[in-house]
Amino acid sequence: MPVLRISGIVWDSAGKVPMNNVSVLLGSIGTDSMVALALTDKQGAFVLSGPGGGPYELRISCLGYGSKVLRIPMTANSHIRFDSLQLSARPVSLHEVTVTTQKNPVQYEADRLIYTVANDPTNANLNTFELFRKIPMLTINGDDGIELNGSSSFLVLLNNRPSSLFVSNVEEALRSLPANSVKSIEVITSPPARYESEGIGGIINIVTYRRNVTGYSGSARAGYSAPGGPVTSGSVQAKAGGLGFAGIWSLANSRRPTTTNSLDRLDKLFGTILQQAGQNKGNYENLNLSGELSWQVDDRNLLNIHYNSTRSTSESLSDTRVNIRDMSGKALQSYRSLNTFNSVSPGHDWGFDYQLGFKKNSQQLLTFSFRELENENSSHSQNRIAERLNAYLRGGVSENSSRFTERTAQIDYVQPIKNHSLEIGLKTILRSNNSSYFFDHELAGTSLFTRDSSLTNQYDNRQTIHAGYVSVSLKWGPWLLRTGTRVEQTRVAANFRTTGTLANQYYFNVVPNAAFSRKFGTSTNLSLSYNQRLQRPSLFFINPFVNNQNPYNIFYGNPSLNPTVSHVVNLNFNTFTGKTNFSLNLNHNFTNNAILQFTTIGADTVARTTFGNVGSESGSGLSLGISSTFLGKLFINLNNSINYRRFRSRTDQRQTSSDGLTYSSLFSAGYTFTKSLRANAAASYTSASLSFQARSIGFFSHNLSLNYSFLKDKKGDFTFSAVSPFIPSRQNRTVTEVSQFSMVSTNAIIMHRYMLTFTYRFGKLQGGFKRKKRGILNDDLMGQ
């Protein structure tokens, strides 16, 4: 069968420059059917192929430009070339544009994967946490925790900046952020030298909509989730002259129904069995407000000011019955524990970026940046002990107040050299972690309390980081090499004020990185990267506050933790044929002196969980993603990953090791019935997850949704979704087996959720305004 090959170059008719990312579609005349699709590269070139014959239409379109349609007659020629296809700029209202072709949701660059949310039509009514299940290299484990290439060590950024939104509870914050406010999600597995060097897995950067507009536009969204509660969000963008503003807000309430939990622990040293059975319920609320003001003074001067404010509150009630028996089954001790817990976490961050361009070359940039971030957390817990049998435990009240502040000053310079570029920069970070906590024991038979000095302290931790970097990008045709080195000097001063104990650290690191990529045509990319990553423990890991809500299972941080260095290698392959996208990722990482969470049991039979530099950790993984469109109406997506993880450790003078495979698979599909009606469905399975001492069982989930657009220009949407409607809840079972003890814990997780939302869009979009190209990117804290 003859094959028709069409190639060419698309130019801007006014500036006479090649145009990047122009859609070139080959289709049958008079129909919406698509034969082939291509996007132009940076040189404006495209190549596409289709079956010989015809006749066809070649449809060329780009947002902000007039479309061009060329008739391709029936011909025996196997190759047709257009050397000068020109498009003319014209104002376009986005609400007047109808998208008739499916774009690739997943794209790879030399050092990252980019998932464009709008290009996957199955994302209606999801939140950002649920989006993560659909992105190659990201998985959600059995505890609803996020992993990047099998590692839970990574950083989350919002619009290329750390945000107070993600300081206290990343998973809940992501649930409060609706997917329709997110433009794209970048999974940066090999961060360039200008990024801080923290996180084994890498960086997850969430890019929200900052639409380029003249005039104003916005959206408002309201809905209700059961179980859960009301959810609302909105966005607004406006521009007048060189002044532009973009803002988003979201408010989410989550009322969690009563669930059950249990724990069975065999103490091998003392021959006792601990059994706990209880139930708990709680509420969570998150409010987020953010805005960005952009002032383009002239063609070479740009000022950006940004602000973000967040406030999260949570409360929980638990009722637990505890029994301790000997090996023969004889009751040794029993009691009932009634616990109330509540916390408030307000936070904010603000900053500015001043960008100076140069007349000689628009890509030559000098940027000055400053940012301040502050997050607080105040928690209160009260535990009452009742129905005692040989139990001499006392109830009590504990409080912990913590504050994290960070101030950053940075200067960056970019020097283009033909097709290459040189980047250099300097940065200073001043951090302060403060924690004040106490525990008051209840006096038996009274309503009075006495303070426990061993569980009371004030703790300060200050970090001063000075860093510099140099990075080079070299491009030869389809070949690209990005390499650089980062140098960091860190000073840490810790002060336990109550006890007068001091602890100081100093370390110096040289962190190299390199990313190599090769493009094949306009739609296939192969990349290989290596870099080193640091882990500096954040306040969660070093806070010595003792959480003893469960008296026989307590938790506290370790202020003596040292930073660790990890080595990460990634190999990525991605190709897009116009209808089908295929992506493959291979990765490996290893860390010596790793920071691991572990549990030990003392002579008092109390299990103590903390962190330590107690071993090594390594992991190898493979991720596979496939998405395709059929007949212009059916969109499918398949996302699979498998990871092998290994831990070697030394605790209590013992050498131990554990290893195993974890895997996950997701299939999603969307079908467009009419221009106004669309249905989506998805199903996923996540295998047992693995940590240093424990394994948890796998689980299955699924969801269905229906979206209906109405009003003029489709300004209104109604969306109904059902998450796991046939699985009300699941039992998450975790097994821990070590030399001192064996333990099985089970907790119920609510799976099903029904949600109805209404979205309204308003305003008119035209033109555009600039945003800064460089800014502060602090991503060096583990667990931030």
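The values are calculated or read from the model by the stated rules, or taken from the named source; none is laboratory data. Computed from a predicted structure; not experimentally measured. With ideal geometry, Cβ positions are generated from the backbone for all residues, glycine too; neighbour counts draw on all protein chains shown. These accessible areas exclude ligands, DNA and RNA; they are computed on the full protein's heavy atoms, side chains included. Shrake-Rupley method; radii C 1.70, N 1.55, O 1.52, S 1.80 Å.
Of everything in region 673-690, what is more than 26 Å from the chain's Cα centre (by Cα) and either modelled with pLDDT under 85 or more than 19 Å from residue 704 (Cβ to Cβ) (or both)? Give them in sequence order. 675, the sole residue that qualifies.
Name the residue, out of 428, 405, 464, that is among the hydroxyl-bearing types (Ser, Thr, Tyr) and more than 26 Å from the chain's Cα centre (by Cα).
Values: 428 fails: more than 26 Å from the chain's Cα centre (by Cα); 405 fails: more than 26 Å from the chain's Cα centre (by Cα).
After ruling out the rest, the residue left standing is 464.
A single entry from 538, 583 fulfils the requirement of being modelled with pLDDT under 85 and open to solvent by less than 30 Å² (accessible area, probe 1.4 Å): 538.
Taken together, 647, 611, 692 contain a single residue that is assigned to a loop (DSSP other than H, G, I, E, B) and either among the polar types (S, T, N, Q) or crowded, with 18+ Cβ neighbours inside 10 Å (or both), which is 692.
Residue count for region 406-431, restricted to those that are of a type in the set (D, E, K, R), open to solvent by 30 Å² or more (accessible area, probe 1.4 Å) and not in a loop (DSSP other than H, G, I, E, B): 1. Quick check: is even one residue across region 487-501 in contact with a strand residue (DSSP E or B) (Cβ under 8 Å, 6 or more places away or on another chain), surrounded by 21 or more Cβ atoms within 10 Å (Cβ to Cβ) and not in a strand (DSSP E or B)? Within region 487-501, not a single residue is in contact with a strand residue (DSSP E or B) (Cβ under 8 Å, 6 or more places away or on another chain), surrounded by 21 or more Cβ atoms within 10 Å (Cβ to Cβ) and not in a strand (DSSP E or B).
Every residue, every condition in (1) crowded, with 19+ Cβ neighbours inside 10 Å; (2) in a strand (DSSP E or B); (3) touching a Ser or Thr at 6+ places or on another chain (Cβ under 6 Å); (4) modelled with pLDDT of 90 or more, yes or no:
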{"residue": "368", "(1), (2), (3), (4)": "no, yes, no, yes"}
{"residue": "372", "(1), (2), (3), (4)": "no, yes, no, yes"}
{"residue": "378", "(1), (2), (3), (4)": "no, yes, yes, yes"}
{"residue": "381", "(1), (2), (3), (4)": "yes, yes, yes, yes"}
{"residue": "388", "(1), (2), (3), (4)": "no, yes, no, no"}
{"residue": "392", "(1), (2), (3), (4)": "no, no, no, no"}
{"residue": "397", "(1), (2), (3), (4)": "no, yes, no, yes"}
{"residue": "404", "(1), (2), (3), (4)": "yes, yes, no, yes"}
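Quick check, is residue 277 closer than 30 Å to residue 330 by Cβ and open to solvent by 20 Å² or more (accessible area, probe 1.4 Å)? Criteria met by residue 277. From the list 641, 676, which one is touching a residue at least 24 places away in the same chain (Cβ under 8 Å), over 18 Å from residue 580 (Cα atoms) and surrounded by fewer than 16 Cβ atoms within 10 Å (Cβ to Cβ)? Going through 641, 676 in turn, just one is touching a residue at least 24 places away in the same chain (Cβ under 8 Å), over 18 Å from residue 580 (Cα atoms) and surrounded by fewer than 16 Cβ atoms within 10 Å (Cβ to Cβ): 676. When residue 632 is tested against the conditions (1) touching a Ser or Thr at 6+ places or on another chain (Cβ under 7 Å); (2) closer than 30 Å to residue 670 by Cα; (3) open to solvent by less than 20 Å² (accessible area, probe 1.4 Å); (4) not basic (Lys, Arg), the lone failure is (3).
State whether the residues of region 436-448 include one that is in a strand (DSSP E or B) and open to solvent by 70 Å² or more (accessible area, probe 1.4 Å).
The answer is no; no qualifying residue exists.
Among the candidates 111, 83, single out the residue that is over 17 Å from residue 575 (Cβ atoms), open to solvent by less than 20 Å² (accessible area, probe 1.4 Å) and at pLDDT below 80.
Numbers: 83 fails: open to solvent by less than 20 Å² (accessible area, probe 1.4 Å).
On inspection, the qualifying residue turns out to be 111.
Scanning region 86-108 for residues that are hydroxyl-bearing (Ser, Thr, Tyr) and either loosely packed, with under 13 Cβ neighbours inside 10 Å or within 30 Å of residue 515 (Cα to Cα) (or both), we see that the one that is modelled with the highest pLDDT is 88. So is residue 720 open to solvent by 60 Å² or more (accessible area, probe 1.4 Å), at pLDDT below 90 and assigned to a strand (DSSP E or B) or not? Judged against the criteria, residue 720 is not a match.
Where residues in region 51-74 are at pLDDT 75 or above and farther than 13 Å from residue 85 by Cα, which of them is most open to solvent (accessible area, probe 1.4 Å)? Spell out how you get there, then give the answer.
The first filter runs over region 51-74 and keeps only residues at pLDDT 75 or above, leaving 55-62, 65-73.
Adding the requirement that they be farther than 13 Å from residue 85 by Cα leaves 55-57, 71-73.
Values: 55: 50, 56: 19, 57: 43, 71: 160, 72: 4, 73: 75 Å².
Taking the candidates together, the pick is 71.
Quick one: which residue in 571, 596, 561, 586 is in contact with a strand residue (DSSP E or B) (Cβ under 8 Å, 6 or more places away or on another chain) and either part of a loop (DSSP other than H, G, I, E, B) or free of Cβ contacts under 8 Å to residues at least 12 places away in the same chain (or both)? Just one listed residue meets the conditions, 561.
Being free of Cβ contacts under 8 Å to residues at least 12 places away in the same chain and not small (Gly, Ala, Ser) is the filter here; which residues of region 644-672 pass it? Step through it out loud before you land on a result.
So the first thing to find is which residues in region 644-672 are free of Cβ contacts under 8 Å to residues at least 12 places away in the same chain, and the list is 653, 655, 657.
Across region 644-672, the qualifying residues are 653, 655.
Residues being at pLDDT 90 or above, aliphatic (A, V, I, L, M) and farther than 30 Å from residue 390 by Cβ are entirely absent from region 312-332.
Please pick out the residue among 355, 333 that is more than 24 Å from residue 422 (Cα to Cα) and either assigned to a strand (DSSP E or B) or touching a Cys at 6+ places or on another chain (Cβ under 7 Å) (or both). Can you show your working first?
On the way: 355 fails: more than 24 Å from residue 422 (Cα to Cα).
Only one candidate passes the filter, namely 333.
How many residues are of a type in the set (Phe, Trp, Tyr) and more than 27 Å from the chain's Cα centre (by Cα) if we restrict to region 617-671? Total satisfying the criteria: 2.
Looking at the structure I just gave you, is residue 770 modelled with pLDDT under 90, surrounded by fewer than 18 Cβ atoms within 10 Å (Cβ to Cβ), touching a Ser or Thr at 6+ places or on another chain (Cβ under 8 Å) and over 26 Å from residue 229 (Cβ atoms)? For residue 770, the condition - modelled with pLDDT under 90, surrounded by fewer than 18 Cβ atoms within 10 Å (Cβ to Cβ), touching a Ser or Thr at 6+ places or on another chain (Cβ under 8 Å) and over 26 Å from residue 229 (Cβ atoms) - is met.
Going by what's in this entry, would residue 527 be described as at pLDDT 85 or above, open to solvent by less than 50 Å² (accessible area, probe 1.4 Å), among the small types (Gly, Ala, Ser) and touching a Leu at 6+ places or on another chain (Cβ under 8 Å)? For residue 527, the condition - at pLDDT 85 or above, open to solvent by less than 50 Å² (accessible area, probe 1.4 Å), among the small types (Gly, Ala, Ser) and touching a Leu at 6+ places or on another chain (Cβ under 8 Å) - is met. Name the single residue, out of those in region 125-170 being of a type in the set (Val, Ile, Thr) and part of a loop (DSSP other than H, G, I, E, B), that is modelled with the lowest pLDDT. Top of the filtered list is 167.
Quick check on residue 738: is it aliphatic (A, V, I, L, M) and modelled with pLDDT of 90 or more? Give the derivation first.
On the way: aliphatic (A, V, I, L, M): yes; modelled with pLDDT of 90 or more: no.
It is false that residue 738 is aliphatic (A, V, I, L, M) and modelled with pLDDT of 90 or more.
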